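Heads up, the thing below is written out as structure tokens.
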Amino acid sequence: MPRTHASTPTGRVLLTGFDPFDGDHVNPSWRAVQALHGRRILGRRIVAAQLPTEFGTSLRALSTLLDQLRPELVICVGQAGGRDAISLERVAINVDDAPIPDNAGAQPVDVPVAPGAPAAYFSGLPIKALLAALQREGLSAAVSQTAGTFVCNHVFYGLMHTLATHPGLRHTRGGFVHVPWLPGQGTPHMGLDDVVSGLRVLVRGALAAEAAVGVRVGGGATH
Ligand code: PCA
């Protein structure tokens, strides 16, 4: 059967996770995206990459990946210990204000992610549609109104700013999702299988929503 649904710019989906931080030995975000590396969802190939939990270097690594892959969809994923649901982040803000040092020992306070850039960006993901899709699968999910002011928000803001300003990435949709601890890291927690299933639902839902809103046919009028 012809793969008509694969008529996309690149057919690639980038999923990123972070390395462990703050003394932890595992980061569920990396474990989960890694499990999907090389898989195909709706005809698109999943590329998983690990970002360092470090201000600056994380964003430089992400920029390189975006340049190399020109993905159709990017979902950056991070660990949010203490949350009990897959959290769809609504908004990225232009500030680094680290409550703990990053993995390189940096702890910026009230520094813009991108000097002179807008105060905030909304997620490019259809967060309400994705929330409903996760809940339909019986997964614990929520919209989150803040991604914090640590490395995850830094990456989320940098991603959205790059997508907004880079001419070669005009058609790339992106956003950020936080996931709970894995069992053994703390409570509340979510099993790795559920996190991976959740990510699959998100990729599928974001690609489907993109197809739905991506129809560009003329229908305007001057009066
Ligand atoms: N969570 C941290 C940074 C890396 C991660 O997985 C955060 O929420 O900022």
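No lab work stands behind these numbers, since they all come straight from the coordinates. Computed from a prediction, not measured in an experiment: that's the story for all the values here. Note: ideal-geometry Cβ built from the backbone for every residue, glycine included; neighbour counts use all protein chains shown.
By how many nm would the segment from residue 19 to residue 114 lengthen if fully extended, with 0.36 nm per residue of separation less the alpha-carbon distance?
Contour length minus Cα-Cα distance gives 31.9 nm.
What percent antiparallel are the DSSP beta bridges of the range 1-155, to the nearest 5?
Of all bridge pairs located within the range 1-155, approximately 30 percent are antiparallel.
When the convex hull of the Cα atoms of the range 11-121 is projected onto a plane and the area is averaged over all directions, what value comes out in nm²?
7.9 nm²
Hey, if you put +1 on the Cβ of every Lys and Arg and -1 on every Asp and Glu Cβ in the range 27-130, which of 43, 95, 114 ends up farthest toward the positive end of that dipole?
43
Can you list the DSSP H helices in the chain whose Cα atoms extend at least 27 Å along the helix axis and whose mean Kyte-Doolittle hydropathy is 1.0 or higher?
192-213
If N is the number of residues in the range 95-181, what value comes out of its Cα radius of gyration divided by 2.2 N^0.38 Å?
Expressed relative to 2.2 N^0.38 Å, the Cα Rg reads 1.23.
Translational D (Stokes-Einstein, µm²/s) of the chain at 25 °C and 0.890 mPa s when Rh comes from the Kirkwood sum over C-alpha pairs?
On the way: Rh = 17.7 Å.
It comes out at roughly 139 µm²/s.
Could you give the size of the charge dipole of the chain about its Cα centre, using +1 on the Cβ of each K and R and -1 on the Cβ of each D and E, expressed in debye and rounded to the nearest 20?
Dipole size: approximately 1220 debye.
Run the helix sum for the chain: -39,500 (n - 2.57) per DSSP H stretch of 4+ residues, divided by residue count, reported at 222 nm to the nearest 500 deg cm²/dmol.
-10000 deg cm²/dmol
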